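Data first, discussion second: the structure below is written as structure tokens.
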Amino acid sequence: MSTYEIADSQMAAGSTLGAPKAVVIIKPTGAIEKLYSIDAGLSVIGTVVLHHWDEQTGIQLTALDGKFVIHPDHQQHIFTLSNGITVEEDVFVLNGKPDGNTVDPPAAYYRLKLTNDTAEELQIGSYASAQLRGNTNHDVLTTYSPKHRAIVAWNKSDPNLVRMFGCSVEPTSYETTHDMGKSSASNFPGELPDKTEKGPGDPIGILHFSHSLEPGEYGELTLLLSFSTSGRATAQRTYRSCPSPTAALARTRQHYDEILGLAVVLTPDPDVNRGVLWAKANMLRTEVLAKTGWSFVNDPTRSNNSVGRDTAWFAFGADYITPRFARESLLWYANHLNKNGMVIEYYDIRNGKSADYGLNINDNTPLLILALWHHYNTTGDVSFLKSVYPKALKAARYILSQRNEQGLVWCTATGTSDWGIVGWRNVIKNYRLSGATTEVNSECYAALKTVGHMARVLDKHKEAAEFMEHGDTLRKAINEHLLDSETGLYYLNIDLNGKARTDVTSDLVFPVMFGVADDETAARVVSKLSGPEFWSDAGIHTIPRNDINYGPTHGYGLLGGIWVGVTFWYAFAAARFNADFMAFALRSSFQHYSKDPLHNNTVPGQFSEWLHGETLANQGMMLSPWFPPRYLWAAIEGAGGLNLSGGSPSVNPKLAAGWKWMGVRDLPLSGKRLTWFVVRAPDIKMYANFRFDQSMMYQAYDSDISADVHVSGDAATAIALRKRNHMVILVGNTMDRTTTTSLRLTTSLAGRYAVRAYNSLRGEWLDAASKKAEDLKRGIAIQLDAKGFCVLELRQEV
């Protein structure tokens, strides 16, 4: 579930791999496309590519068909050269667990292994070439450092920006050259002159390695790329501090494994399960530590801007896996409110320079309030809530100051695009969306109620009552003025001329998501958005295909294309009213990334941005950082049914008709780890290791012992809870065919256990023969029907 294998001829692009200080983008060929510095805001090294020659004949060795193996934390390329040598390349960025604000040095590793699978000795010349300028100025100077086995490069105009391109072994020869064609010339380059160019320019650095391999023998090396923005001495210290390739990959993998093991969502649908896992991996790739603090940019390696709304939405997912990141990224916005209390639009993470497009109100303001409350609810950090409450209160009072005579939050913008669109769709050229929008008013309603909840927790009862009333008043105004009495749907907005716009768009999700719509209206909205005119195999269209304004690429896809993140909003909104469509939305949207990546311009496992409305090919960034956290949030709080909006957690999971079971395991919440699962046995039954408020009926246990339960095969998964001498174990099948698995327990067991079991294959509860502890440790066979499950309730006999 954690890897993808794909023919190397079927890739449109390679992975985007990131760490707090560096980002690498890989080409569809497997070569490194660029190494990007977070602090510099520049690509400091461009393409890094390997070419091979037969040193005896001088023939250039071509790559035959191979495959990519894409992992959450690295990407492998395995192929055969024309002389029979097997090549294994592995690219990753050092990304270990941070210690506060202490993070790993910026380092990219490019591992190479050559194996002689022929019956004769072969001599291979391998040449690693790097564009040392990146996208800096055309005045690069270079030298070679024998001590580091590395080429050192810097700009004459910026001598502090120093990068190093070296290797784990001593190169046979090296050079830097302005001869761009040399690294891939058809003629064998032979020994390089061991010289570097003297004058500034745009040099290529080449490292040459020679291998003589007997049959069955292999040779390996690892290229190391690193840099500093503080001069050559610091760059060299940074380079020396980078761990060995084996240690670096192990450190990175350990960090990923720890995070991927949190907030695990398990359903009968393997694509949804995989989507949750990869959402967490994508988030880790994009969390950076800039000079201004922890943040992420909205387009890795092409933007240096952190955006307010995206940061708020990111926190809704990050709160479950990297809460410190969520906290720090939100606090930057809370601590840098405009004087009037409005939240800024974005800031440059290198220097803190900010902008707000001159709008009098925006969606960033209510969304930040909601994200601050979400962070408190997931962490239980009262000191955090006390510190941010005055800022949330100030922002909320500013929201109140921007209401019109109808009581609606009103945007006065008369421009177009960023300067005339209030809300998430703000990049549409020559388009205005201001006045009273249903989106922003819905968010502001939720924000006002949230400030009331904050005040209640802090015993500020007068302010709690005040903002609860303000929220109710705004909700009433929305449903009076922005709800079309003829269609029963919400207007897109009331424009500056007072005209109601009846455009039916995906923005209809907002009054459902934020609790503005009553149940009848919400069900009507979800039904409308579930219509075939809105849907594709990759997610929901921003506007329906039969709309007069529809175009598959109009407005960067915001007028007809597919912004996949909206599909996740829809999944959350639809969960309570149409669980089947929720499941379809989560499955199809993520599955699309791996379905046909060459045609769809996607990377398997990687959340790309927006899609052409007809061809469904990605038209935007290859990794959109703000989509993965929404997927995680929709799976946990939509499908999983966790509700934190009122301050006390409740759980009401949403089982699609085709789901006989589902569960959430190891979810961090207020210092605890929550696990729960539900089954159709035959009525819906829930088990949990936590005492929830206002949830469906459930059986409470004390601890999660899933780590001590092992099932055989890739199709089966297990969740187990324990309460003293009682245990309950769910074994679920993710395949659409019957399978048999072996269940084995390694937890502390003694004596015999009475067994009560429900297997969806039989559809009834049975009292099975008691089991000895030794039997449970040795393993028992369980047969599971397609997408089915078995629940075992075990009680130790006296």
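The values are calculated or read from the model by the stated rules, or taken from the named source; none is laboratory data. Keep in mind that this is a model prediction, so the values were computed, not measured. We place every Cβ from the backbone using ideal geometry, glycine too, and count neighbours over all the protein chains shown. To get the accessible areas, we keep the full protein, side chains included, count just its heavy atoms, and leave off ligands, DNA and RNA. Shrake-Rupley method; radii C 1.70, N 1.55, O 1.52, S 1.80 Å.
Per-residue surface analysis assigns ASP117 an accessible area of about 100 Å², computed on protein heavy atoms at 1.4 Å probe radius. Other residues lying with their Cβ under 14 Å from the Cβ of GLY293 contribute a combined charge of +1, Lys and Arg counting +1, Asp and Glu -1. Qualifying GluC sites (Glu not before Pro) in the range 445-512, where qualification requires a DSSP coil assignment and no more than 11 other C-beta atoms within 10 Å, comprise GLU486.
Express as a percent, rounded to the nearest 5, the fraction of DSSP beta bridges in the chain (both residues included) that run antiparallel. Could you put the intermediate results ahead of the total?
Working: 164 of 169 bridges.
If we restrict to bridges inside the chain, about 95 percent are antiparallel.
Of MET697, MET727, the order by accessible heavy-atom surface (1.4 Å probe, DNA, RNA and ligands excluded), from most exposed downward, is MET697, MET727.
Once the 1.4 Å probe is applied to the protein heavy atoms, the range 169-291 comes out at 39 Å² accessible per residue. The distance separating the Cα centre of the range 449-517 from that of the range 578-603 comes to 31 Å.
Ranking ILE478, ILE780 from most to least accessible surface, computed with a 1.4 Å probe over the protein chains only, gives ILE780, ILE478. Could you point to the label whose value was computed as volume of the Cα convex hull per residue in Å³ for the structure here, given (1) 202; (2) 185; (3) 172? Read-out taken from this structure: (3). In this rough spin-label picture, where each label sits 7 Å from Cα along the Cβ direction, the ILE780-THR102 distance is 4.9 nm. The angle between the Cα long axis of helix 438-457 and the longest principal axis of the Cα atoms of the chain comes to about 80 degrees, rounded to the nearest 10. Taking 27 Å as the limit for the C-alpha separation, the pairs LYS27/LYS280; LYS391/LYS449; LYS67/LYS147; LYS353/LYS476; LYS67/LYS660; LYS34/LYS67 exceed it in the case of LYS67/LYS147; LYS353/LYS476; LYS67/LYS660. Net charge in the neighbourhood of ARG524 (other residues with Cβ under 12 Å of its Cβ; Lys, Arg +1, Asp, Glu -1) is -3.
For the range 729-773, the set of trypsin sites (Lys or Arg not before Pro) satisfying both a DSSP loop assignment and a count of at most 13 other C-beta atoms within 10 Å is given as ARG737, ARG762. To the nearest 10, the accessible area of THR142 is 10 Å² with a 1.4 Å probe.
Report, in degrees rounded to the nearest 10, the 0 to 90 angle that the Cα long axis of helix 245-260 makes with the longest principal axis of the chain. So the helix axis and the longest Cα principal axis differ by about 10 degrees.
How far, in nm, would the chain grow between ASN404 and ARG762 when pulled straight, counting 0.36 nm per residue and subtracting the alpha carbon separation? Before the final figure, lay out each step's value.
On the way: separation 358, 0.36 × 358 = 128.88 nm, distance 6.16 nm.
Taking ASN404 through ARG762 to full extension adds about 122.7 nm, to one decimal.
Counting only protein heavy atoms and a probe of 1.4 Å, the accessible surface of the chain is 47% carbon and sulfur.
Report ASP8's accessible area, 1.4 Å probe, all protein chains in place, as a number in Å² to the nearest 10. About 30 Å², rounded to the nearest 10.
To the nearest 10 degrees, how steep is helix 323-334 against the longest Cα principal axis of the chain, on a 0 to 90 scale? Helix 323-334 and the main axis of the chain meet at about 80 degrees. Ordered by solvent-accessible area of protein heavy atoms (1.4 Å probe), largest first, the residues LEU761, LEU393, LEU730 come out as LEU761, LEU393, LEU730.
Could you compute the net charge surrounding LEU64? Neighbours are other residues with a C-beta less than 13 Å from the C-beta of LEU64; K and R count +1, D and E count -1.
On the way: positive: LYS67; negative: ASP8, ASP65, ASP117.
In short, -2.
Distance from the alpha carbon centroid of the range 751-798 to that of the range 522-556 works out to 46 angstrom. With a simple spin-label model that places each label point 7 Å from the Cα along the Cα-to-Cβ direction, the separation between ARG501 and SER650 comes to 3.6 nm.
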